[in-house]
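Undergrad: Pasting a structure below so you can have a look.
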Amino acid sequence: MHEFSAACSIVDTALEAAKSNNATRVTVVNVELGEFTFLIPEQLIFNFEIASKNTILEGADLRIQNIKGRLACNDCGFQGESKVDPDIPPQIAVFAPMKCPKCGSSSTRIIGGKDFIITNIEAEINQSNA
Ligand SMILES: [Zn+2]
């Protein structure tokens, strides 16, 4: 249910932004999705549709842009993108230390790609007062 709580959080944030802008209907929500969130985009979209039911977000298009994860190595000082081992299932990879692609050390820390961020919302604004 990892994706469902993430979807609820996206819906809450988007609803707040929409309300403060007097939006009557949200049409598009753009999200940057970090690799190390281990969220599956298809699952996130599916759960977003459920979580947005009966809100002004219902029927909105969730557009996901994938962001690469970034690691810093404590041993050799490497900083940059890292590949998640494809042999490790995502639910385990969340807790597994990721190896430095340069020296192979497991003494690494995640410095990017841990979050999902709403970058932009497209909405219809109530202009009855204009
Ligand atoms: Zn290293």
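The values are calculated or read from the model by the stated rules, or taken from the named source; none is laboratory data. All figures in this text were calculated on a predicted structure; none of them were measured in a lab. Every residue, glycine among them, receives a Cβ derived from its backbone with ideal geometry; neighbour counts consider all protein chains shown.
Undergrad: Does GLU16 count as acidic (Asp, Glu), surrounded by 16 or more Cβ atoms within 10 Å (Cβ to Cβ), within 19 Å of ILE117 (Cβ to Cβ) and assigned by TED's automatic domain parsing to the domain that holds ILE125?
TA: Spelling it out, it is not the case that GLU16 is acidic (Asp, Glu), surrounded by 16 or more Cβ atoms within 10 Å (Cβ to Cβ), within 19 Å of ILE117 (Cβ to Cβ) and assigned by TED's automatic domain parsing to the domain that holds ILE125.
Undergrad: A follow-up question, please. Any residue in the range 23-34 that is among the charged types (D, E, K, R) and under 30 Å from CYS100 (Cα atoms)? Steps first, answer last, please.
TA: Taking the range 23-34 as the starting set, the residues that turn out to be among the charged types (D, E, K, R) are 25, 32.
After this cut, where a residue has to be under 30 Å from CYS100 (Cα atoms) as well, the list is 32.
Yes, that holds for at least one residue.
Undergrad: On to the next question. Is it true that some residue in the range 25-32 is at pLDDT below 95 and surrounded by fewer than 16 Cβ atoms within 10 Å (Cβ to Cβ)?
TA: Narrowing the range 25-32 to residues at pLDDT below 95: none.
For the range 25-32, residues at pLDDT below 95 and surrounded by fewer than 16 Cβ atoms within 10 Å (Cβ to Cβ): absent.
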